Amino acid sequence: MSSLTPIKTTKTIPGPKSTSESKTVQWTLITIALIFLTLFLLLPLVAIFIKAFEQGISVYMASITEPDALSAIKLTLLVVAITVPLNTLFGLMAAWLISKYSFRGKSFLTTIIDLPFSISPVIAGLVFVLLFSVHGLVGPFFIERGLQIIFSLPGIVLATMFVTVPFVARELIPLMQAQGTAEEEASVTLGANGWKTFLHVTLPNIKWGLIYGMILCNARAIGEFGAVSVVSGKIRGMTNTMPLHVEILYNEYQFTAAFAVASLMSILAIVTIIVKNSIEWKAANHKKAV
């Protein structure tokens, strides 16, 4: 008998909930939330753009198009292009395994997936340095074969993957557990193989959660600083991502240039929020239609 035992689950739909708070309480809570968000999110965001454009559009464009800034932008986008697909693939496999099967070590695997949430990114970067540096545990093995991991693209990708690995899996696991296995079992009973069942049954049911997890993974990868700062070496124009480039410019008192690059990251964040809300809206309409 296989050690992987399919889990028999059924769908449960929670009933609607209502609240009995007065309008005064509701509006008070809304006002507090709006004040908090304005002070700690909206005003800093506005300040970034004001500072970025304070010397005019020409200085702004020069700041984001100079060679080091372009190198940082390209490196960040390259890391995202590598990290998000790999973490999406892993998240799909992990979520399928955890939600559809019962096996020994399942809770341990779930804990390992959550590990990056509880470890400082700086500590994670230090671990990779201890592993892959010239004097690390396995670093000399790779260096002798002409592959440098620390202070180069592979190290940055590894560090970014570590801090972003939980996002896709954590979005999919509860979703797939709630959906159960009834539809997959029916598909297999009707003669579909595992691949067809995944493409035509499982994937359509989880597509909104999958996209949402990818968006969160993308946002975290763009803004990662701690782990990347340790493994990159902060080599200007070579291993600096956008957050690291902002730090260097700010430390050199090039405030306008620093805020100009920061504004690009803010624009990416705003686009991410818009896409995220659009996905949530479509997912809600899909649920209503079903």
Worksheet entry | Close pairs from the range 185-199: first farther than 17 Å from TYR101 by Cβ and free of Cβ contacts under 8 Å to residues at least 40 places away in the same chain, partner open to solvent by less than 50 Å² (accessible area, probe 1.4 Å) and of a type in the set (S, T, N, Q), Cβ under 9 Å, at least 6 apart | LYS196/SER187
Discussion item. Quick test for you: out of VAL188, VAL157, pick the one residue that is modelled with pLDDT of 90 or more and either under 17 Å from the mean Cα position of the chain (by Cα) or assigned to a helix (DSSP H, G or I) (or both).
Written reply: VAL157
Fill in: the range 175-185 - residue that is open to solvent by 50 Å² or more (accessible area, probe 1.4 Å) and of a type in the set (Asp, Glu) and, of those, nearest to the chain's Cα centre (by Cα)
GLU183
Practice prompt. State whether one or more residues within the range 200-222 are surrounded by fewer than 20 Cβ atoms within 10 Å (Cβ to Cβ), over 24 Å from VAL275 (Cβ atoms) and not basic (Lys, Arg).
Written response: yes
Fill in: Positions within the range 242-261 being open to solvent by less than 70 Å² (accessible area, probe 1.4 Å), farther than 17 Å from PHE53 by Cβ and either not acidic (Asp, Glu) or not in a helix (DSSP H, G or I) (or both), in sequence order
MET242, PRO243, LEU244, HIS245, ILE248
Worksheet item: (1) more than 17 Å from the chain's Cα centre (by Cα); (2) open to solvent by less than 80 Å² (accessible area, probe 1.4 Å); (3) within 25 Å of GLY155 (Cβ to Cβ); (4) without any contact (Cβ under 8 Å) to a residue 40 or more places away in the chain: which one isn't true of LYS106, the others all being true?
Response: (3)
Worksheet item: Among the residues of the range 133-154, how many are outside any loop (DSSP other than H, G, I, E, B) and surrounded by 11 or more Cβ atoms within 10 Å (Cβ to Cβ)?
Response: 7
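The values are calculated or read from the model by the stated rules, or taken from the named source; none is laboratory data. Fair warning: this is a prediction, and the values are worked out from it, not measured in the lab. When we count neighbours, we look across all protein chains shown, and the Cβ atoms used for this are built from the backbone with ideal geometry, even at glycine. Only protein heavy atoms, including side chains, enter the accessible area calculation; ligands, DNA and RNA are left aside. Shrake-Rupley method; radii C 1.70, N 1.55, O 1.52, S 1.80 Å.
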